[in-house]
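Here's the structure, in structure tokens; my notes come after.
The values are calculated or read from the model by the stated rules, or taken from the named source; none is laboratory data. Bear in mind that the values here come from a model prediction, so they are computed numbers and not experimental data. Reconstructed Cβ throughout: ideal geometry from the backbone, glycine too, with neighbour counts over all protein chains shown. The accessibility values were calculated without ligands, DNA or RNA, using every heavy atom of the protein model including side chains. Shrake-Rupley method; radii C 1.70, N 1.55, O 1.52, S 1.80 Å.
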Amino acid sequence: YRRITSTFFTDTMFAQPGAKSTRGNSCCQVFVSDKGFVALYPMKSQTQFQDALHWFCKQVGVPRTLVVDGHQSQTSNQVKRFCDQIGTALRILETKTQWANRAELYIGLLKEAVRKDLRASDCPMVLWDYAIERRAVIHNVIPRPLFQNNGLTPYAATFGESGDISNICSFGFYEWVYYRDHGNFPQNKEQLGRLLGPLRNEGNEMAQAIVTHKATVVPRRTMRKLTTSELNNESEKFQKT
């Protein structure tokens, strides 16, 4: 595991009962560092905390200290044993001291950003987990007004290098795009879809989640924006409806 000289705070963010995502997620585990770096992992239930912690340590790194609340999923013997094995100190907050958990603040910021994305794009609520994963990536590559970061982005302050924005700078959330699909012979290879943002562990870093005309989500690396003429073309308008 990569070692990180930061303190991370973690908390669970829940969606409302009727907003279970298309992937079956009803909550997500949010990890926030003292430098403002955010990592989050959608979950089907809070009992998956240990899986989220494993992915966090593998993909981000092992922090110096991990601050958690007193929920049993975050303070179990298995979690304590894992933290001992990887060499991170597990610090458990007192009951009714939510204000001491930095992750609480960032959960509110992420929720508001996702609400704006869903509202502006007219995206169904059941795709909220794609929206919040994309928002976390954007958050990490924008400079934040934190004294300890010296004007750096949370990503640069955490890892000592600039973050790659090539997979988020070209497209908006739930934007209409044409992607290439080779399995529709003799139909056109270019198919109309909606872009949800970058995917983890699917293809390379440029892979994006695309909603197809069948309402399924597929990973694709080859996609393009619609031109002005295509946006106003009657055939494209018919396909969108």
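Ratio of Rg to Rh for the range 1-113: 0.94 [Cα atoms; Kirkwood radius as inverse mean 1/r over pairs].
Using the Cα atoms of the range 54-160 to build a convex hull, what is its mean projected area in square nanometres?
Details: hull surface 34.1 nm².
Answer in nm², one decimal: 8.5.
Taking 18 Å as the straight-line reach from the Cα of Lys189, the lysines in range (excluding those fewer than 8 positions away in the same chain) are Lys214, Lys225, Lys240. Counted by Cβ distance under 10 Å from Ser21, the other residues give a net charge of +2, where Lys and Arg count +1 and Asp and Glu count -1. For the range 34-144, the solvent-accessible area with a 1.4 angstrom probe is 51 square angstrom per residue. Length, then width, then depth: along the principal axes, the Cα atoms of the chain run 60, 39, 30 Å. In order along the range 5-12, the phi-based Karplus estimate (6.51 cos²θ - 1.76 cosθ + 1.60, θ = phi - 60°) of 3J(HN,Hα) comes to 8, 9, 9, 10, 10, 9, 7, 9 Hz; Gly and Pro are listed as x.
In square nanometres, what is the average projected area of the Cα convex hull of the range 131-208? Could the numbers behind the result be given before it?
On the way: hull surface 24.8 nm².
Convex hull of Cα atoms, orientation-averaged projection: 6.2 nm².
Label sites at Thr75 and Asn232, each approximated as a point 7 angstrom past Cα along Cα to Cβ, lie 6.3 nm apart.
Can you tell me what the convex hull of the Cα atoms of the range 100-161 projects to on average, as an area in nm²? Mean projected area of the Cα convex hull: 5.1 nm².
Note on the chain: with a GNM built from Cα contacts shorter than 10 Å, the maximum mean-square fluctuation among His182, His213, His54 falls on His182.
To the nearest 500 deg cm²/dmol, what mean residue ellipticity at 222 nm is calculated for the chain from DSSP H runs of n ≥ 4 alone, each contributing -39,500 (n - 2.57), summed and divided by the residues? Write down the numbers at each step before the final one.
Working: 7 runs with 71 residues, N = 241.
About -8500 deg cm²/dmol.
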